[in-house]
1. How far, in nm, would the chain grow between residue 472 and residue 324 when pulled straight, counting 0.36 nm per residue and subtracting the alpha carbon separation?
2. Tell me the angle of helix 90-101 to the major Cα principal axis of the chain, expressed in degrees between 0 and 90 and rounded to the nearest ten.
3. Please report Rg (one decimal) and Dmax (integer) in Å for the Cα set of segment 274-375.
4. Between residue 24 and residue 519, what is the label-point separation in nm under the 7 Å Cα-to-beta-carbon projection?
5. State, as an integer percentage, the relative contact order of segment 504-572 based on alpha-carbon contacts under 8 Å between residues 6 or more apart.
6. At each listed q (0.12, 0.13, 0.20, 0.23 Å⁻¹), what is the log10 of I(q)/I(0) that the Debye formula gives for segment 50-149 modelled as equal alpha-carbon point scatterers?
7. Could you please report the charge total around residue 523, scoring K, R as +1 and D, E as -1 over all other residues with beta-carbon less than 13 angstrom from its beta-carbon?
8. Lysines within cross-link reach of residue 397: Cα-Cα under 22 Å, excluding same-chain residues under 8 positions apart?
Amino acid sequence: MTSDRFSRSPLTQSLDRGATDVPLIEQTLGAFFDSVVQRRPDHEALVSVHQKQRYTYAQLQAHANQLASALLGLGLEPGDRVGIWSHNNVQWVLMQLATAKVGLVLVNINPAYRTSEVEYALNKVGCKALVTMPQFKTSNYIGMLRELAPEWAHGRSGALAAQRLPHLHTVVWIDEPGACDEQPGLLRFSALLAQGQAQDPRLAAVARTLKATDPINIQFTSGTTGFPKGATLTHRNILNNGFFIGEAMRLTPADRLCVPVPLYHCFGMVLGNLACFTHGATVVYPNDAFDPLTVLQAVQDERCTGLHGVPTMFIAELDHPRFAEFDLSSLRTGIMAGSPCPTEVMKRVVDDMHLSQITIAYGMTETSPVSCQSSTDTALEKRVSTVGLVQPHLEVKVVHPETGEVVAPGQAGELCTRGYSVMHGYWDDEARTAEAIDAQGWMHTGDLATMDAQGYVNIVGRIKDMVIRGGENIYPREIEEFLYRHPLVQDVQVVGVPDKKYGEELCAWIVLRPGETLDEDAVRAFCKGQIAHYKVPRYIRFVSELPMTVTGKIQKFRIREAMKAELGLQEEKTA
């Protein structure tokens, strides 16, 4: 991926294009998966450790076909939306493959959603069927659904009707072997699967009507304001992205990838499942939700060669009290993504976890998701300071946020991307789609970035996260990277808070390593003489954890709101 980057002239502007020597896949996901199965039917495709289940490619194909047949038996037709509300399990990936095979649109619903959020999501896209976990820890998913639809207590499976969920006619709950509970009006997953036929002739008939450009997946973006938007992705979007992600990692059938990141998010279903399935590799789920100990155990027991995660996951694994007990020597590659990857954490991952060929990926749900990625042979200094180069068949540029002009290499601006990966659009929302994708097809990411003369991209923050203190533009990530160097700091986030004199002041929330202590003065002393005085945070707080989404993305707006409340600060009004 990087071989031709150093034989060409340096870039004169922050605009780059990916390689095009490997053609795009123009098949549907189902057709491409079947071609992989044909080549390696007996190779292990999936291991779900917590469920104690294993599937070869042929077995996974047979179960997916059987489920696809059963979904057609529910009266669903190509283009209909089917929700999946669950943590990681075999049933999730069967739904991913089965819906794709018969042209149904899989709607990923965040397991952290509560009653009003799931009501909004199901109704926004008109889900006709939903597959759900019955419960997980303190989350009672069936209980939330019954709160929304008490009418179902007397309903019949396949013919459910409720005032608040008018589109939904079938709800399927994921049962484990031996489960004896009954759910009036709802259908067991095992019973649904039993209704299908792996050799159903309807599957081939439907497949002939499908196109690679058909929508296949809807994912709700977690905005900090307003209702979530349903990013709609096609076969072509996610299949190609999964393939080129796997290429950057140099995946082969010999690879076994540990996937502790959630499947409802692109990280799990594209960077995990599809990167593996497009290369005949093996997917390993260590647990239904992230737990550092089970990740370490799965990597050792399954001899995993790859491991995915957001920085907070890798930190939790590295700092687990039993970390040294596990043999992680089989590891080679993987992806760290989801939020900026601290330099010091990356170095520990490479040195202590044997991940010498780990890659960095950058993207967003609306771009399927990856736009830029480092490769296995990218120099460590570039891996820890950039998100790599533009992916094949894509373009990226950095533009001035106000004028839209492409900036010179090294200058910060908004990152935009264009190509096959850009979403079909936001579901039933032309206005917001037009705000995000301009007339020339460029997706405006809202991220602040720089691009160097070789094309390496560095994300320096969100446009909304940039702090302007007394006229100085400050990028919080720069200060975070510096504070990560302190030996007692495990994690840190920096935000801007309102200030009457300077407009904004910096605030740092710091998580210390277990058992360590530190005070504000020591942090300021560490900064003195090392970074400019105006970059030294005025407010420093030591916290036990940082607010984040289920996928590990830090929610800076919650830090900002908490500090405004604590300090009694208000935003300064501007003309």
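1. 48.8 nm
2. 80 degrees
3. Rg and Dmax of segment 274-375, Cα atoms, are 13.3, 40 Å.
4. Label-label distance for residue 519 and residue 24, simple model: 6.0 nm.
5. Computed value for segment 504-572: 36 percent relative contact order.
6. -0.41, -0.48, -1.04, -1.23
7. Combined, the nearby Lys, Arg, Asp and Glu give +1.
8. Within reach: 382, 464.
The values are calculated or read from the model by the stated rules, or taken from the named source; none is laboratory data. Predicted, not measured: the structure shown is a model, and the values here were computed from it. With ideal geometry, Cβ positions are generated from the backbone for all residues, glycine too; neighbour counts draw on all protein chains shown. Areas reflect the complete protein model, heavy atoms only, side chains present, ligands, DNA and RNA absent. Shrake-Rupley method; radii C 1.70, N 1.55, O 1.52, S 1.80 Å.
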